[in-house]
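Each remark here refers to the structure printed beneath this line.
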Amino acid sequence: MGEKKFLHNEKYTNTRLLKKIGVTFVIPICLAITGALIFMSAGWNLLFESYSLSTAIFAKPNKDVDDVNFYINNKEVSRPDIGSVFASIKIPSINLEKDVVHGDGDDELRKGIGHYAGSTLPGEGGNCILDGHRDTALKDLKNIKKGDSIFVDTEWGKYEYRVSDIKVTAPDDSTVMEPTDHEKLTLYTCYPFNYIGSAPKRFVVTGEFVSAK
């Protein structure tokens, strides 16, 4: 009887010891590994999507960006430097208000919404392309609707656009960057917005020109 009680106590003690080891070491290690994997996944997503946004589709510029200066209303304006904030964008209907940075590489997209440097600037009379990450700068773009107003405030003028088209397209759909002979705004990000991993599609919003001040 005493031997059985001893064996029972020993088994109970060993079980408690294993549980204690699990709580003290195994569970925290598992949590740390899980957290690291999530962090690495998020970082990889941002890196890959930066490449997708700034390189994959925009292989050729639709504007001669070698021209340092340009003209708006017969006024000469200096083209912004890559990485500089030159404008702000506001979409009241979705409570979006962000800085716009010239260029759309990884460094620029960390600062706000990027302007594809191979496209026209607001007011130049062409297809102005702005892009950003779906889970940071443009995370609220999923709520936009046709008819919504978009305001872009630059150093040389203020421009209003109205959303005329919203579509989901393939990553290699280059029609979104086609040059135009009229003022137009294109907003571009990855899709779906809540996708875990590298998003397989692209979300494109087109804004038709309304007015300039």
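Bear in mind these aren't lab numbers, they're just calculated from the coordinates by the rules spelled out. Only a predicted model underlies this, so the values are computations on that prediction, with no experimental measurement involved. Cβ placement follows ideal geometry from the backbone for every residue including glycine, while neighbour counts extend to all protein chains displayed.
Of all residues in the range 141-161, those being over 21 Å from the mean Cα position of the chain (by Cα) and either charged (D, E, K, R) or surrounded by fewer than 14 Cβ atoms within 10 Å (Cβ to Cβ) (or both) number 4. Taking the range 139-185 as the range and being under 21 Å from R202 (Cα atoms) and β-branched (V, I, T) as the test, the residues that pass are I144, I150, V163, I166, V168, T169, T175, V176, T180. Condition check for T136 on (1) surrounded by 19 or more Cβ atoms within 10 Å (Cβ to Cβ); (2) out of contact with any Ser or Thr (no Cβ under 7 Å at 6 or more places or on another chain); (3) over 16 Å from V204 (Cβ atoms): one failure, at (1).
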